[in-house]
Amino acid sequence: MKKLLIAGAAVLYSLSNAQIKTGTVYISGQVNYIKTETSNTDFSDQTFKIIPAAGVFIAPNLAIGTGLGYTIGKLDYTETLGGGFLTTIINYSGKTSAVTVAPFVRKYWTLSEKLYFFGQLQIPLEFGKINQHALITNIYDSAGSVDQQTTAYDNKYTSIGINVKPGFDYFLNKNWSVEASIGEFGYKNIKSRDMDPRDGKNYDFGLNLSAVSFGVKYVFAK
């Protein structure tokens, strides 16, 4: 019994020492990729982000910071409307590029001397541009004729969101760690200069397992 108590005390002491100390500063780089597809329709939505970030621990295992990076996205879909006398097929393609600013707060929980679980609350802001192109094909069954129209325009937009994501952080040594997060829960509101298919509010609730992030962090250990 005495040996068990001593062992337990040793584990608790080790975990308490594994807490990241107040005032610790770090820099990191994160790569994020999200892809959504549907099997029964021609729909594909892809987003790629690369966001360097810096943070500081304001309390043991509690950090705040911000990221500044770049986001690119691509949305493609095909939609068929009508039928009978007139069938309309819309082939849409849109590309986005944006500068991203993402302040965050992150809480760590110690799992072992080197492994941590974290939860992160982030408020991403995007300032970007959308390039849109659509090919519209009208098929007149009775006349046996087909006509096509193309539309294309550029548009600027801004967006703000809130998301929460869980992850793991593993320290290779006192200065370097690797981290990964899978899934996110959040909300995003997009505002564009002109009306377009992406204008309005985009709600993203629930655990989205397609949102995968990997990063490397350098800690200025005290």
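Could we say that T47 is more than 30 Å from L111 (Cα to Cα), at pLDDT below 90, hydroxyl-bearing (S, T, Y) and in a strand (DSSP E or B) here?
So T47 passes the test.
Of all residues in segment 73-131, which are within 16 Å of S159 (Cβ to Cβ) and surrounded by 18 or more Cβ atoms within 10 Å (Cβ to Cβ)?
If the condition is that a residue be within 16 Å of S159 (Cβ to Cβ) and surrounded by 18 or more Cβ atoms within 10 Å (Cβ to Cβ), then G73, L75, G94, T96, A98, T100, A102, Q122, P124, E126, G128, I130 are the ones that fit.
Restricting attention to segment 156-175, report how many residues are surrounded by 14 or more Cβ atoms within 10 Å (Cβ to Cβ) and over 21 Å from the mean Cα position of the chain (by Cα).
Number satisfying all stated conditions: 1.
From K35, K21, grab the single residue that is modelled with pLDDT of 85 or more and of a type in the set (K, R).
K21
Could you tell me which numbered condition Q148 fails, if it satisfies all but one of (1) assigned to a strand (DSSP E or B); (2) in contact (Cβ under 8 Å) with a residue 60 or more places away in the chain; (3) loosely packed, with under 13 Cβ neighbours inside 10 Å?
It is condition (2) that Q148 fails.
When residues of segment 100-139 are filtered for being outside any strand (DSSP E or B) and either closer than 19 Å to N61 by Cβ or in contact with a helix residue (DSSP H, G or I) (Cβ under 7 Å, 6 or more places away or on another chain) (or both), how many remain?
Qualifying residue count, segment 100-139: 4.
The values are calculated or read from the model by the stated rules, or taken from the named source; none is laboratory data. Quantities reported herein were computed from a predicted structural model and do not represent experimental measurements. Reconstructed Cβ throughout: ideal geometry from the backbone, glycine too, with neighbour counts over all protein chains shown.
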